[in-house]
1. Asp76: net charge of surrounding residues, Cβ under 12 Å, Lys/Arg +1, Asp/Glu -1, itself excluded?
2. When you take every Cα atom in the stretch 10-132, what is the radius of gyration, and what is Dmax, the widest Cα pair distance, in Å?
3. Can you tell me the relative contact order of the stretch 3-126? Whole percent, Cα pairs under 8 Å, sequence separation 6 or more.
4. Can you list the GluC sites (Glu not before Pro) in the stretch 24-112 that are in a DSSP coil and have 14 or fewer other beta carbons within 10 angstrom?
5. Give the calculated FRET efficiency between Glu32 and Arg132 to the nearest 0.05, with a Förster radius of 35 Å applied to their Cβ-Cβ distance.
6. Take a quick pass over the chain and tell me how many lysine pairs come in under 28 angstrom between Cα atoms, counting only ones 8 or more apart or on separate chains.
7. For the stretch 72-132, what is the convex hull volume of its Cα atoms per residue in Å³?
8. Taking the 0 to 90 degree range and rounding to the nearest ten, how far is the long axis of helix 3-13 tilted relative to the main principal axis of the chain, both from C-alpha atoms?
Amino acid sequence: MTQKEFIKVLDKKGYSYEMMGDSVVVNGGDSEGVVWLGSLTSISPGVVFNNGGHVDLRSLTSLPPGVEFRNDGHVDLNSLTSIPPGVEFKNGGDVNLDSLIGGYFTKWKGNIEGIDSERLLNKMIKDGVFER
């Protein structure tokens, strides 16, 4: 999906965003701050989710590099089959990676006691563990 196409989707949904350099920063969603984009199968590179609630991207099978999650809630990426280095999670909730690990990352059996699960997830992404 191109950046223009992604912006059209945001406009159609009424979600607020701003341009910061080459990035689209999504800073608003519905009345509860949730960004519902569950029907999308792709998004453009360089999107930053900075909204006050959850992000639903349940139909995406891959993410482009440069996508950041800085939203206040969880992130639903149920159908994701790969994550390239350059994707970063700094959201306030859990991350659902059902197709990759079978559910929410904090409940994954591969977590290491004493290490923050979000930090582990970001390190695994940076090291290319989820590339295919």
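1. Neighbourhood net charge equals -2.
2. According to the Cα coordinates of the stretch 10-132, Rg and Dmax are 13.7, 43 Å.
3. Numbers: 297 pairs, mean separation 19.6, N = 124.
That works out to 16 percent.
4. Values: sites: Glu32, Glu68, Glu88; in loops: Glu32.
Here the sparse-neighbourhood loop sites are Glu32.
5. Working: r = 34 Å, r/R0 = 0.97.
It comes to 0.55.
6. 15
7. Working: hull volume 4.6 nm³, N = 61.
Output value, Cα hull per residue: 75 Å³.
8. Roughly 80 degrees, rounded to the nearest 10.
Laboratory data are not the source of any read-out in this text; all were calculated from the coordinates shown. It should be emphasised that the depicted structure is a prediction, and the values quoted were computed from it without experimental measurement. Here Cβ is always computed from backbone atoms with ideal geometry, including for glycine, and neighbour counts include all displayed protein chains.
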